[in-house]
Structure formats: C-alpha cells, structure tokens
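Participant: Pasting a structure below so you can have a look.
Read the figures in this text as sums done on the coordinates, not as results from a lab. Values in this document were obtained by computation on a predicted structure and should not be read as measured data. Every residue, glycine as well, gets a Cβ built from its backbone with ideal geometry; the counts of neighbours run over all protein chains shown.
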Amino acid sequence: MVKMWVLVADSGRARVFSADSPIGELQEVQSFTNPEARLQEQELLSDRPGAGEGRHAMGSTVEPKEQEAIRFAKQIGDYLEKGRIEFKFEHLVIVAAPKFLGLLRDNISPQVKDLITLTVDKNLVDLKPSELRARLSHRP
C-alpha cells in the first residue's frame, strides 16, 4: 500500500492530508497556522524589540511579513523532513499559493523533494478534503 501525503498551504495556513493511494480518501493529519501572516508590516515591526528588516542570504532586504512567511515555510519543511525520516509517506503532493510554493521549495530538504510527485501552484487551503480530492482527481 502506497502512503501519500498532500500538503495544502499558503503563508497563513497549512494542512497535511494522508491517503493510501493516489485516488484514496484524504484524511487530515496535521494543521499549522501562521497568525503573523495576517498582521500588517507595522504591527510586525512594533511587536519585536529592536526588530528591523531581515537579511536574505544574498544580502538583499527581506520585509518582516516575508520573513514570517519564510519562517513558516521552514516550519513546514521541518515537519515534512520528520515525516520522511519516520517513513510516514512515500509520495508527496504539494498544493500551494504560487508565492508560498517558492518559499516551500527553498525550505524543503533534497530528500523530501525526491518524494514530490506533483506540485500545483494554487491556493486551495480552505477547501474541504472531498473538494480537494475532486480537484486532484484528474492528476496522478
């Protein structure tokens, strides 16, 4: 039996579903929220003593809201890595808002990337499992 995980995410929420086959019923196994994604830039700056603009590896400025999205993507990436190590899934499908999908790709280990069978750049995080399954039913 093939164990598959489906990650559905945007910068404010992520849900992980499992299925026993590519067309199997989706069961939610984990949910993450990132309340900071709803805050305005000024609120993020004022909540952190001495906080200013973050720095990206390339030396460019990263706005606080984007820094929070990067932190959230890393949290999800760490969860996926733990699931891989514990053999909780053999295949991974990622459905994410386009901008957040890029952040996820940057924060997922190469070993998890090897298990990705499909990526969909759409924000479907609010769909019910049955609606999500219907949207993915025509995909492998």
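Participant: Explain nothing, just the number: dipole magnitude of region 71-140 about its Cα centre with +1 on each Lys and Arg Cβ and -1 on each Asp and Glu Cβ, in debye rounded to the nearest 20. Before the final figure, lay out each step's value.
Facilitator: Values: 13 positive and 9 negative charges, 33 e Å.
Magnitude of the dipole: close to 160 debye.
Participant: Say each of Asp106 and Ile23 gets a label point 7 Å from the Cα, pointing the same way as Cα to Cβ; how far apart are those two points in nm?
Facilitator: 3.9
Participant: Which of the residue pairs Lys65/Lys88; Lys3/Lys74; Lys3/Lys113 have a Cα-Cα distance greater than 20 Å in the structure shown?
Facilitator: Lys65/Lys88; Lys3/Lys74
Participant: Could you give the length gained by full extension between Ser31 and Ser137, i.e. 0.36 nm per residue of separation minus their alpha carbon distance, to one decimal place?
Facilitator: Gain on extension, Ser31 to Ser137, equals 36.0 nm.
Participant: Looking at region 63-140, which chymotrypsin sites (Phe, Trp or Tyr not before Pro) are in a loop (DSSP not H, G, I, E or B) and have at most 15 other Cβ atoms within 10 Å?
Facilitator: Phe87
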